[in-house]
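The values are calculated or read from the model by the stated rules, or taken from the named source; none is laboratory data. Quantities reported herein were computed from a predicted structural model and do not represent experimental measurements. Quick reminder, even Gly has a Cβ in these numbers, built from the backbone with ideal geometry, and neighbours come from all protein chains shown.
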Amino acid sequence: MMIKRITELLDRVFRGLFRSKKNIKLGLYGPPNGGKTTLANRIAQDWIGEDVGKVSAMPHETREVQVKEQIEIKSEGKTVTFNLVDTPGIATKIDYEDFVKRGMPAKLAKKRAKEATRGVIEAIQWLDDMDVVIVVLDATKDPYSQVNITIVGNLQARKIPVFITANKTDLSKAKLKSIQDAFPQYEVIGISAKYGKNMDEFYKSLLKYAG
């Protein structure tokens, strides 16, 4: 009963927010390599034919906040204009040796670690500017991580409307239900940003609060 009441309250806040704002800051948040930039690129390509940023298998490829403005998204007769904000991956610890283990030269690894640390700070600072946040999680990984708990806790403290995207559902190890069980108070949409799987449902969920 309590979860239902919280969900209904968030829905009302979300709907009022969309009606009162013309350009909504839509933030993509989550741990490194969950697919935030891949999703940002998918959204931007679908609606304006452009990419937002570079993607890589190396963690912390995105180390600065990236913004695409005036993305008009349509679904089932509804239209909302977003400023899409792709943020660096949130991590509780960034060690340059982790990059070295992946084959990166030590000097470059230390540089990336410093940039990634600054990126985490920048992403957290941007939270206060967000109107709505999509938490992007890798559906093949354990959702009960300290990073995920920290991200969701920060959003709850700020009372920012949230829904969760379970990305990489094209992979055999993906467990959408694990993420749904971990965060029952939020709507969880399973997608593959890389291949565009279930994006129609994603856009429908995003815009359903706008009416």
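Tabulated values for the structure
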quantity: Residue match in segment 140-154 (condition: basic (K, R), out of contact with any helix residue (DSSP H, G or I) (no Cβ under 7 Å at 6 or more places or on another chain) and not in a strand (DSSP E or B)); calculated: yes
quantity: Qualifying residues in segment 73-96 (those that are exposed (fewer than 11 other Cβ atoms within 10 Å of the Cβ) and of a type outside the set (S, T, N, Q)) - the one modelled with the highest pLDDT; calculated: K93
quantity: Total residues in segment 155-197, condition in contact with a helix residue (DSSP H, G or I) (Cβ under 6 Å, 6 or more places away or on another chain), touching a residue at least 60 places away in the same chain (Cβ under 8 Å) and β-branched (V, I, T); calculated: 2
quantity: Single residue of Q70, Q45 found to be at positive phi and either polar (S, T, N, Q) or part of a helix (DSSP H, G or I) (or both); calculated: Q70
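Yes/no matrix, rows are residues, columns are (1) under 22 Å from I149 (Cα atoms); (2) among the β-branched types (V, I, T); (3) out of contact with any Ser or Thr (no Cβ under 7 Å at 6 or more places or on another chain); (4) in contact (Cβ under 8 Å) with a residue 12 or more places away in the chain:
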{"site": "G27", "(1), (2), (3), (4)": "yes, no, no, yes"}
{"site": "N33", "(1), (2), (3), (4)": "yes, no, yes, yes"}
{"site": "T38", "(1), (2), (3), (4)": "no, yes, yes, yes"}
{"site": "V52", "(1), (2), (3), (4)": "no, yes, no, yes"}
{"site": "V55", "(1), (2), (3), (4)": "no, yes, no, yes"}
{"site": "M58", "(1), (2), (3), (4)": "no, no, yes, yes"}
{"site": "T62", "(1), (2), (3), (4)": "yes, yes, no, yes"}
{"site": "Q66", "(1), (2), (3), (4)": "no, no, yes, yes"}
{"site": "V80", "(1), (2), (3), (4)": "no, yes, yes, yes"}
